[in-house]
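Below is one structure, written out as structure tokens; the observations come after it.
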Amino acid sequence: MMRIIQEKIFRASILTISGIGSQRLRQLIAYFGSAAEALEAPAGAFSELVHLVWVQEFLQHRAELDPGAFQERLRREGISLVMPGESAYPYLLAECPDAPAVLFYKGVLQAQQEGIAVVGARKASPYGKAAASFLAGGIAGEGYAVVSGLARGIDTAAHQGALEAGGITWAFMAGGLDTIYPHENTKLANSIIEKGALLSEYPPGIPPEPGQFPARNRLISGSSRGVIVVEAAEKSGALITADCALEQGREVYAVPGPIFSELSRGTHQLLRMGAKVTEDMRDVLSELAPFTPESRLAEVPACLEGMTRVRSKGMMQTESKWAEILGCLSDVPLHIDRLAVLCRLPAQDIALGLLELQLAGEILQLPGQHYVLQR
């Protein structure tokens, strides 16, 4: 347990180095196996990466980090950490290849919780706000977390609708959790953390910048079974979230609006492209399998315990074919990025090998694209 806590604070501390974001942190972890190893490795171990400017920045500033002091700062500000592989990490997000290696959060994250996102225009109409609140209440009533971005308009109405229904809601932020944006939603943010959570991939001290909002949107969609767009103009951040959802294999829903409204242009375009017309939760549930968190919780121990099986000739042939992949795996979960560094196989062969080994019952895939041998 202490090693997990230490690894989380090391990952979080690295993110405070200028120029190091989630993607570059993932690259360091993939190369060295952990943030701890990256911080302790001698400069010579970076010989293959030293040509990268951001790696030079990391080497220059890593000695200045004080993980202990940073951990104390997080404690004072009520900020917790969670990383892929922990049950509290949004498991749908953990399955995305660009999932943050560590998330900062305030509030409560329930194990294996699923979400449905509700997003839309900041300058929302009374109709749009009412629709978002109504749908959020229905989502909360079905046991899902209502996921949004704490922005003005539709996001605010969605969070409020979930809270009024007695449900859980998550708000993903585009900056550090020490800054609530917009400021007028401070009271709402405090209400959210009583049962739900504010989340961010950015450490405290990072203000919300325009370029960080599209990156934030992928976390909203990635944490959700589906994304409901309530109102959106032709060029809207909500449509970016819908694009992220499609890339992540999520369902996209759209609420029809008045034909004379500019805020209907984006949602109607989504409907023309095949988004599901959404008037109430029945339209959403018709596309989704029932949410049963208890069954998912039951799956995890079974995976870790492994299963006894009879080894067939086909299994042994599969083992021989992909011996290099098997040689890299153990009982300790290994991320696919790290496997790609350790294996000398092309990326497409690694993907094929992992699939065949899973079908043969030789390995298990855990949340966050981590793999272990099946015993």
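Numbers below:
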{"item": "Within the chain: Cβ-based charge dipole about Cα centre, in debye rounded to nearest 20 (Lys, Arg +1; Asp, Glu -1)", "result": "160 debye"}
{"item": "Residue-by-residue Karplus 3J(HN,Hα) for segment 90-97, coefficients 6.51, -1.76, 1.60, Hz, glycine and proline x", "result": "x, 5, 5, 5, 4, 7, 7, x"}
{"item": "Violating pairs (Cα-Cα greater than 31 angstrom) within the set Lys8/Lys129; Lys8/Lys195; Lys129/Lys276; Lys195/Lys235; Lys8/Lys123", "result": "Lys8/Lys129; Lys195/Lys235; Lys8/Lys123"}
{"item": "Nearest 10 degrees, 0 to 90: helix 212-222 Cα axis against the chain principal axis", "result": "80 degrees"}
{"item": "Between 0 and 90°, nearest 10: helix 154-164 axis offset from the chain longest Cα axis", "result": "90 degrees"}
{"item": "Eligible aspartates and glutamates near Lys321 by straight Cα distance, threshold 16 Å, same-chain separation 8 or greater", "result": "Asp349, Glu356, Glu362"}
{"item": "The chain, accessible surface, carbon-and-sulfur percent (1.4 angstrom probe)", "result": "55 percent"}
{"item": "Per-residue SASA entry for Arg122, accessible area with 1.4 Å probe, Å² rounded to 10", "result": "110 Å²"}
{"item": "Value in Å of the Kirkwood radius, where the chain supplies the Cα pairs that are averaged", "result": "21.9 Å"}
{"item": "Lys/Arg +1, Asp/Glu -1 at C-beta; the chain dipole; positive extreme among Ile206, Gly153, Gln365", "result": "Gly153"}
{"item": "Ranked packing of 75-84, 60-69, 98-107, 206-215, most packed first, by mean Cβ within 10 Å", "result": "98-107, 75-84, 206-215, 60-69"}
{"item": "Per residue solvent-accessible surface (Å²) - the chain, probe of 1.4 Å", "result": "47 Å²"}
{"item": "Note, ³J(HN,Hα) from phi for segment 78-84, Karplus 6.51, -1.76, 1.60, rounded to Hz, x at Gly and Pro", "result": "x, 9, 9, 10, 8, 10, x"}
{"item": "Amide hydrogen neighbours beyond the local backbone of Ile363, cut-off 5 Å, H modeled", "result": "Gln358, Gln374"}
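The values are calculated or read from the model by the stated rules, or taken from the named source; none is laboratory data. The model shown is predicted, which means the values in this text are computed figures rather than measured ones. Here the Cβ is made from the backbone with ideal geometry for all residues, glycine too, and neighbour counts use every protein chain on show. Areas reflect the complete protein model, heavy atoms only, side chains present, ligands, DNA and RNA absent. Shrake-Rupley method; radii C 1.70, N 1.55, O 1.52, S 1.80 Å.
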